[in-house]
1. So which residues in region 1-32 are aliphatic (A, V, I, L, M) and without any contact (Cβ under 8 Å) to a residue 12 or more places away in the chain, if there are any at all?
2. Tell me which residues, restricted to region 44-58, are more than 15 Å from residue 95 (Cβ to Cβ), free of Cβ contacts under 8 Å to residues at least 60 places away in the same chain and in contact with a helix residue (DSSP H, G or I) (Cβ under 9 Å, 6 or more places away or on another chain).
3. Only one of 82, 59 is closer than 25 Å to residue 178 by Cβ and of a type in the set (Asp, Glu); which?
4. Within region 28-54, track down each residue that is loosely packed, with under 13 Cβ neighbours inside 10 Å and small (Gly, Ala, Ser).
5. Considering only region 62-73, how many residues are assigned to a helix (DSSP H, G or I) and farther than 20 Å from residue 21 by Cβ?
Amino acid sequence: MNKFWNWVRNSDESRTLYLNGTIAEESWFDDDVTPAMFKAELLAGEGDITVWINSPGGDCVAASQIYSMLMDYKGAVTVKIDGIAASAASVIAMAGTRVLMAPTALMMVHNPLTVAIGDSEEMQKAITMLDEVKESIINAYEIKTGLSRAKLSHLMDAETWLSAHKAVELGFADDLLFRDEQEESPPEPESFAFSRRAVRNQLLSKLPHTKTEQKQPAEPLYQRLNLLKF
């Protein structure tokens, strides 16, 4: 088993959890050992913890369980994002009592994806399943940000990349790392949210229309939950 987490006990007896890389190389679906190991290590100590995140995302089930364990933890959970918290990793970040981002860090939210094989009925089942998974992810974002479900859904549809300032503005994060709170803060630079879909549509609108348009192959859908990625 490739562990994607690492606990460090600090000199002041506080603990730091590092989540680096893909969240679970293999799915936690139907896995009793790995989640139990993570929970045992989480509960092996007491007091407040700091969670550093630098991850592109990964397994939806693993992210859900880690999020729930951190939300249920008795101490305060400070999440610090030093690189990227994308996809499933952004869900875990929502468990932070406080979420802090490096000025250079990024957060990304998008729709869950998977693959399905079968007839039209199986495809429809996969679509229904993905819709419900999306609703469950929105629950975590809604609790943290207070944004409407419609707004969050639009952000996910567009595969939105958030700078640190934009994440704070929208409520996904609480503040920036390394900010000297004793000094008066200078005016914040303009934040940005990059939407891949919006950029693509804008570029396509500038291209001359042709009589015959090539159809792009549909992205594959997965039905099996143990292949579900986010």
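The values are calculated or read from the model by the stated rules, or taken from the named source; none is laboratory data. Because the structure is a prediction, the values reported are computed rather than measured. Cβ placement follows ideal geometry from the backbone for every residue including glycine, while neighbour counts extend to all protein chains displayed.
1. Passing the criteria: only 8.
2. Of everything in region 44-58, those that are more than 15 Å from residue 95 (Cβ to Cβ), free of Cβ contacts under 8 Å to residues at least 60 places away in the same chain and in contact with a helix residue (DSSP H, G or I) (Cβ under 9 Å, 6 or more places away or on another chain) turn out to be 54, 56.
3. 82
4. Hits for region 28-54 are 36, 40, 44, 47.
5. The initial filter retains those residues of region 62-73 that are assigned to a helix (DSSP H, G or I), namely 62-72.
From what's left, farther than 20 Å from residue 21 by Cβ: 68, 71-72.
Count: 3.
Residues are listed down the side, and each one gets a yes or a no for (1) among the aromatic types (Phe, Trp, Tyr); (2) under 21 Å from residue 173 (Cβ atoms); (3) at pLDDT 95 or above:
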position	(1), (2), (3)
9	no, no, no
15	no, no, yes
18	yes, yes, yes
29	yes, no, no
32	no, no, no
38	yes, no, yes
41	no, no, yes
50	no, yes, yes
55	no, yes, yes
